[in-house]
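Novice: One structure, pasted below without further comment.
The values are calculated or read from the model by the stated rules, or taken from the named source; none is laboratory data. Computed from a prediction, not measured in an experiment: that's the story for all the values here. Cβ atoms come from the backbone with ideal geometry, glycine included; neighbour counts cover every protein chain shown.
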Amino acid sequence: MNSSKILLPRYFRYIGIVLTLAGIVMSVIRFGYDIKPDFLECKVFVVYAAYLQTSEFRVITNNISEEICGVTLILGLFFLAFSRFKTETEEIWAIRTKSFIYSLYSLTALLIFCLVFIYGWGFLMVMTANLFLYLLLYNLWFYILFFKDRRKAIE
């Protein structure tokens, strides 16, 4: 099986860069500065929501800034992780596999640490970060190993 056939086309890497940077900027604005733009208040359909009251299968009014930040960041990191290079080699596929394993090890260790040492709302925030943390760790490991391999090939 040609391993590059299961990857996204190359141009998704550029879309991924733009979406990841936009997701980071929007997340800093939303969560770092606690800004919730009024124009993002809109009616949304929910399967389940629990605020002051519980809502199931209804339309509620919500500020969708958090959802936009999350979707943008997750899509950007996903596109970065799973778009093919101009030339996909067996070495790059080996780096992808190693990055997958390393990110799984890293995330498992981090989650165990958080389970033992973080409680209450802080742990809920860790679980929320876990939505994109695996993709972030995968990308970090991949590019560290990729550039390390390229540097070794040049020497």
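Novice: Would you please list the contacts, defined by Cβ atoms under 8 Å and residues six or more apart or on different chains, that run from a residue in segment 108-137 that is farther than 23 Å from residue 66 by Cβ to a residue that is in a helix (DSSP H, G or I) and not charged (D, E, K, R)?
Specialist: The qualifying pairs are 115/123.
Novice: Which residue out of 17, 60, 24, 35 is of a type in the set (A, V, I, L, M), within 23 Å of the chain's Cα centre (by Cα) and over 30 Å from residue 83 (Cβ atoms)?
Specialist: None of the others qualify; the one that does is 35.
Novice: If you don't mind, there's one more thing I want to ask. Looking for whichever is under 17 Å from residue 8 (Cβ atoms) and small (Gly, Ala, Ser) here; the options are 81, 50, 129. Which one fits?
Specialist: Exactly one of 81, 50, 129 is under 17 Å from residue 8 (Cβ atoms) and small (Gly, Ala, Ser), namely 81.
Novice: When you look at residue 79, is it within 15 Å of residue 17 (Cβ to Cβ) and either touching a residue at least 40 places away in the same chain (Cβ under 8 Å) or surrounded by 14 or more Cβ atoms within 10 Å (Cβ to Cβ) (or both), yes or no?
Specialist: yes
Novice: Which residue, of 80, 40, is in contact with a Gly (Cβ under 7 Å, 6 or more places away or on another chain) and in the same structural domain as residue 17 (by TED's automatic domain parsing)?
Specialist: Just a single option satisfies the conditions, and that option is 80.
Novice: How many of the residues in segment 5-43 are out of contact with any helix residue (DSSP H, G or I) (no Cβ under 8 Å at 6 or more places or on another chain) and over 19 Å from residue 129 (Cβ atoms)?
Specialist: Selection size over segment 5-43: 11.
Novice: Something else: Does residue 22 fit the bill of being outside the structural domain of residue 148 (by TED's automatic domain parsing), of a type in the set (A, V, I, L, M) and modelled with pLDDT under 95?
Specialist: Taking the combined requirement at face value, the residue does not satisfy it.
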